[in-house]
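Structure first, commentary second.
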Amino acid sequence: MINNINLSIVIVNYKNYTLTQKCIKSVLETVKNINYEIIVIDNNSPNDSYEQLSSGFKKVSNIKIIKNDKNVGFGGANNLGVEASKGEYILLLNPDIIVLDDAIEKMYNKINSDKEIGLISGKLLNDDYTIQYSCRRILPFNKFVACRTPLSKIVSSEKREKINDIYLMKDFDHNSTADVEWVMGACMMMHKDEFIKLGGFSKEYFMYFEDVDLCYKVRKDNKRVVYLHNAQMIHLHNQESKKRINKMTFVHLQSMIKFYKKYYLNKF
């Protein structure tokens, strides 16, 4: 039994337990100087994910596998994981993350030493170690539609690329640490009390935009959202909603409309 847990790492699994296993192993291999626990929420996977994860890590005392009785979405499952956590800080980590070196410890040391930071993330890399543009700007609604939805096909490629470069912060030196508007939800560390104070991930999103929303709430609370360049992780990101029109495309669009209606649409 671990006492005085510094950090609770919450991972939401849905169907792909192989990825989740790799993620957990990368945490176990790299985190050495923090008392931590890992909480896996299986989001009612329609396969044997829960059984595979439970049997695979049953001998590891600081790992808890929880089976949800229904799929409550990305944000909802993370909220459940935080509720079950005991750490002073929380790290919300996607199952398709591979932690490199001491990335988690660097994030923890940074946020623990600077109380003005409300949320921190690391540098996410593609599997070929090229940069993944994981810190981003919040675009005006019309510009987001023009470059990040299926409607972008009716916009000229030159205009679309220009807007997209601004959105992805391609003008920013990703080898430097900076305050940013938002970071991808694949890797987010916060003080647990701050997460709870802000209401966690907003319940209106089943998937997508809950990370943008949380970062917005952090900054509205006069705290900083920080991109930490020397905390590196591989993120096996798969943008299904952008690649082709399918069910997740519409989920993404619904979440987009909810976010902009909530905070921005009356300004345009």
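The values are calculated or read from the model by the stated rules, or taken from the named source; none is laboratory data. On a predicted model such as this, the values are computed, not experimentally measured, just so you know. Glycine also receives a Cβ, built like all others from the backbone with ideal geometry; neighbour counts cover every protein chain displayed. Please note that ligands, DNA and RNA were not included when accessible areas were found on the heavy atoms of the full protein model with its side chains. Shrake-Rupley method; radii C 1.70, N 1.55, O 1.52, S 1.80 Å.
General remarks:
- Looking across the range 151-208, the residues that are free of Cβ contacts under 8 Å to residues at least 12 places away in the same chain and of a type in the set (Lys, Arg) come down to LYS153, LYS162.
- Checking each residue in the range 115-127 for being over 17 Å from LYS217 (Cβ atoms) and open to solvent by 40 Å² or more (accessible area, probe 1.4 Å) picks out LYS115, ASN126, ASP127.
- Selection of the range 151-201 for residues being open to solvent by less than 20 Å² (accessible area, probe 1.4 Å), closer than 16 Å to ASP211 by Cα and part of a helix (DSSP H, G or I) yields TYR167, GLU194, PHE195.
- Hey, LEU19 open to solvent by 20 Å² or more (accessible area, probe 1.4 Å), touching an Asp or Glu at 6+ places or on another chain (Cβ under 8 Å) and among the aliphatic types (A, V, I, L, M) or not: yes
- Selection from the range 212-239 of residues that are part of a helix (DSSP H, G or I) and either in contact (Cβ under 8 Å) with a residue 40 or more places away in the chain or crowded, with 24+ Cβ neighbours inside 10 Å (or both): VAL212, ASP213, LEU214, CYS215, TYR216, VAL218, ARG219
- Contact map, the range 30-42: residues that are touching a residue at least 24 places away in the same chain (Cβ under 8 Å) paired with residues that are basic (Lys, Arg), Cβ distance under 6 Å, separation 6+ or inter-chain. Pairs shown: ILE39/LYS64; ASP42/LYS67.
- Scanning the range 133-159 for residues that are under 27 Å from LEU228 (Cα atoms) and small (Gly, Ala, Ser) turns up just one, SER134.
- Restricting LYS143, LYS110, LYS64 to residues that are within 29 Å of ARG219 (Cβ to Cβ), at pLDDT 95 or above and surrounded by 18 or more Cβ atoms within 10 Å (Cβ to Cβ) narrows the list to LYS110.
- In the set ASP179, ASP211, ASP171, only one residue is over 23 Å from SER85 (Cα atoms), under 17 Å from the mean Cα position of the chain (by Cα) and modelled with pLDDT of 95 or more; that residue is ASP179.
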